1. Against the condition over 23 Å from Asp247 (Cα atoms), under 20 Å from the mean Cα position of the chain (by Cα) and not basic (Lys, Arg), how does Phe144 come out, does it pass?
2. Please go through the stretch 96-137 and pick out each residue that is open to solvent by 30 Å² or more (accessible area, probe 1.4 Å), within 23 Å of Ala84 (Cα to Cα), in a loop (DSSP other than H, G, I, E, B) and in contact with a helix residue (DSSP H, G or I) (Cβ under 7 Å, 6 or more places away or on another chain).
3. Inspect all residues belonging to the stretch 54-66 and state whether any of them is in contact with a strand residue (DSSP E or B) (Cβ under 7 Å, 6 or more places away or on another chain), without any contact (Cβ under 8 Å) to a residue 60 or more places away in the chain, open to solvent by 50 Å² or more (accessible area, probe 1.4 Å) and β-branched (Val, Ile, Thr).
4. Output yes when any residue across the stretch 228-237 is under 21 Å from the mean Cα position of the chain (by Cα), at positive phi and in a loop (DSSP other than H, G, I, E, B), and no when none is.
5. Looking for whichever is within 28 Å of Pro15 (Cα to Cα) and in contact (Cβ under 8 Å) with a residue 60 or more places away in the chain here; the options are Asn175, Asn232. Which one fits?
6. Could you list, in sequence order, all residues of the stretch 67-95 that are buried (at least 17 other Cβ atoms within 10 Å of the Cβ) and in a loop (DSSP other than H, G, I, E, B)?
7. Can you tell me which condition Val222 does not meet? The list is (1) under 23 Å from Glu277 (Cα atoms); (2) outside any helix (DSSP H, G or I); (3) open to solvent by 40 Å² or more (accessible area, probe 1.4 Å); (4) not charged (D, E, K, R), and all the others hold.
Amino acid sequence: MARIGFIGLGNMGLPMAQNLLRAGHAVTGFDLNAETSERLTTSGGTRVNSAAEVCRDAEIVITMLPAGEHVRDVYLGDAGVLAAAAPATLLIDSSTIDVETSRAVAQAAEGRGLPMVDAPVSGGVAGAQAATLTFMVGGSSEAFERARPVLENMGKTIVHAGGPGTGQAAKICNNMILGASMIVVSEAFLLAEKLGLDAQRLFDIASKSSGQCWSMTSYCPVPGPVPTSPANRDYQAGFTAAMMLKDLKLAQSAARATRATTPLGAGAAAVYERFVESDDGSIDFSGIIRYLRGP
């Protein structure tokens, strides 16, 4: 059993913390939302009132925060994690943020003798609840090996991507693929509809041939072919369109910084930006098909 501090108990963070409790760890948590903090308490955890308090007596501190600015504030602030954590405390940041911020915070942590990994996730809320997340982990081999047993309590697949920041790099590259492939799969179903080809027939063919991809076979954007996809729940969000847009923007920011050529990724970001601006940012990202269909 480990003493774990958890900062950020939102839709992803709370079920992750609850799985740590089920695994027998002692979890102390903090979130600005009092209601989610209280839900941790009812699950057997301990609620505190600040990030600094989370670090008290913690052997491991995990963060799941909305954006890079929040990560910088929580870790680097005067009353932040780096100032409050005891020497050798393992830090795990599972937020999805820009690579630059991730590496800057990791370097600051190293300067204070605090091992740190960036460990963003794939799998959405359902994966967080079922402890089947995929963790893409950046950091030293030593920090990764310390983090692995804890991450295994929250996820099914744990991959060491390389040094600091490479977990974030893997996440944004993966989601650039996902965002672009969901658009073209949606376009294909809409084209099939106009050509008089039944959606199930297209699925039966494309899912077994060269058009096969995760967006087709696991998260099909039309109702019917994949019963577990959000299309069969009126696109109730597992991973929102706004969250996809955030990741696509992170990928484009990284592409500009490294002078990488990503025209399809840029196109996908532009399409999702228009989709989110149409007030559909809160539904599942696979709901992009609604936007593409038009009025």
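1. It is true that Phe144 is over 23 Å from Asp247 (Cα atoms), under 20 Å from the mean Cα position of the chain (by Cα) and not basic (Lys, Arg).
2. Arg112, Pro115, listed by residue number.
3. No, the stretch 54-66 contains no residue that is in contact with a strand residue (DSSP E or B) (Cβ under 7 Å, 6 or more places away or on another chain), without any contact (Cβ under 8 Å) to a residue 60 or more places away in the chain, open to solvent by 50 Å² or more (accessible area, probe 1.4 Å) and β-branched (Val, Ile, Thr).
4. To start, the set of residues in the stretch 228-237 that are under 21 Å from the mean Cα position of the chain (by Cα) comprises 228-231, 235-237.
Within this subset, residues satisfying the condition of being at positive phi are 235.
Add one more test, that the residue is in a loop (DSSP other than H, G, I, E, B), and what stays is 235.
Yes, that holds for at least one residue.
5. Going through Asn175, Asn232 in turn, just one is within 28 Å of Pro15 (Cα to Cα) and in contact (Cβ under 8 Å) with a residue 60 or more places away in the chain: Asn175.
6. Across the stretch 67-95, the qualifying residues are Gly80, Ala85, Thr89, Ser94, Ser95.
7. (3)
Conditions tested, residue by residue: (1) of a type in the set (D, E, K, R); (2) touching a Gly at 6+ places or on another chain (Cβ under 8 Å); (3) surrounded by 20 or more Cβ atoms within 10 Å (Cβ to Cβ); (4) under 23 Å from Val125 (Cα atoms).
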site: Lys194; (1), (2), (3), (4): yes, no, no, no
site: Asp204; (1), (2), (3), (4): yes, no, no, no
site: Gln212; (1), (2), (3), (4): no, no, no, no
site: Ser229; (1), (2), (3), (4): no, no, yes, yes
site: Ala242; (1), (2), (3), (4): no, yes, no, yes
site: Thr261; (1), (2), (3), (4): no, no, no, no
site: Gly265; (1), (2), (3), (4): no, yes, yes, no
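The values are calculated or read from the model by the stated rules, or taken from the named source; none is laboratory data. Source: prediction; values computed, not measured. Here the Cβ is made from the backbone with ideal geometry for all residues, glycine too, and neighbour counts use every protein chain on show. For accessibility, only protein heavy atoms count, side chains too; no ligands or nucleic acids. Shrake-Rupley method; radii C 1.70, N 1.55, O 1.52, S 1.80 Å.
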